Every structure is written in structure tokens, then in C-alpha cells.
Amino acid sequence: MLVAKTFVTLEGMGRELDPDYDMAAEAMPLLEQAMRNRYTPAAIIRRGWRTASEALALIVCSAIVMTVSGGPSLLGLPVFDFLGFVCSIVGGVWLLLSIGKSSRADRE
């Protein structure tokens, strides 16, 4: 919201100084360059790798927490730790599916 307000303010100031000033035309090359940098294959791979490693870390940490005994248990596993482990696996799978879905949408 503040970015939009800033652009409106800059557009107004620019038009006061030069009635032919076009903020969109001035900003377009910068925005195009930013989009090109964000969606390079290397940047996409870097973000995907970081996301996958965070999901894996969540699953590993949940597995470690499951080894701590205490509290109610079900089938020999702590209930709350098992729920956290299952939720982290579901979240990780959901994350990977959404990454795959968004990469397919980008190709179309």
C-alpha cells in the first residue's frame, strides 16, 4: 500500500515539474529488469532449493522431537510429536506440489 502511495506522490510531483512526465514509462525498464532477474533459472533453482531444504529441516526436526518421551502416547509414539511430524510431512508435500504447480503455470 505504501509503495502505491509513493508512486502516486512521485507521479504528481513529476507532473508538476514536467507535464509530459510518465512515471510508468520511466519505471518500466527497471521493473522489466527486476522481473528478468527474479525469474532466471538460477534464481528459481536457488529459491526452490532453499524452500526444499527448509521443508526437509522441518521434517527432520519433527522426527528428532518424536524421540523424546513424555506425555500421552499412541502406539508407543508421543501423540503431539507424532501429530507435528505428520503435519510437517503434509506441509512439505503440499509445498512441493505447489512449487510444481506454479512452475507449470509459469511455462504456460
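For the chain, the relative contact order is 17 percent, taking Cα pairs closer than 8 Å that sit 6 or more residues apart in sequence and dividing their mean separation by the residue count.
Are there any chymotrypsin sites (Phe, Trp or Tyr not before Pro) in region 1-95 that are in a DSSP loop and have at most 13 other Cβ atoms within 10 Å? List them by number.
Y39
In the chain, a dipole from Cβ-located charges (positive for Lys and Arg, negative for Asp and Glu) runs towards its positive end, and of G48, V8, I89 it is I89 whose Cα lies farthest in that direction. Rounded to whole numbers, the Karplus 3J(HN,Hα) couplings from phi for region 55-61 are 5, 5, 4, 5, 5, 5, 5 Hz, using 6.51 cos²θ - 1.76 cosθ + 1.60 with θ = phi - 60°, and x at Gly and Pro.
Helix 2-17 and the long axis of the chain differ in direction by around 10°, with both axes built from C-alpha atoms.
How many percent of all Cα-Cα pairs in region 17-108 sit more than 20 Å apart? Value for region 17-108 (Cα pairs over 20 Å): 59 percent. Over every Cα atom in region 29-71, the radius of gyration and the widest Cα-Cα span, Dmax, amount to 18.0, 59 Å.
Give me the net charge for the shell around A24: Cβ to Cβ below 14 angstrom, other residues only, Lys and Arg +1, Asp and Glu -1. Mind showing how you got there, number by number?
Values: positive: R15; negative: E11, D20, D22, E26, E32.
Around A24, the surrounding residues sum to -4.
Between amide H atoms placed 1.01 Å from N, distances below 5 Å from S73 occur with V79, all of them 5 or more places distant or on a separate chain.
Laboratory data are not the source of any read-out in this text; all were calculated from the coordinates shown. The shown structure was predicted, so the numbers you read here are calculated from the model rather than taken from an experiment. As a convention, Cβ positions derive from the backbone with ideal geometry for all residues, glycine included, and neighbour counts pool all protein chains shown.
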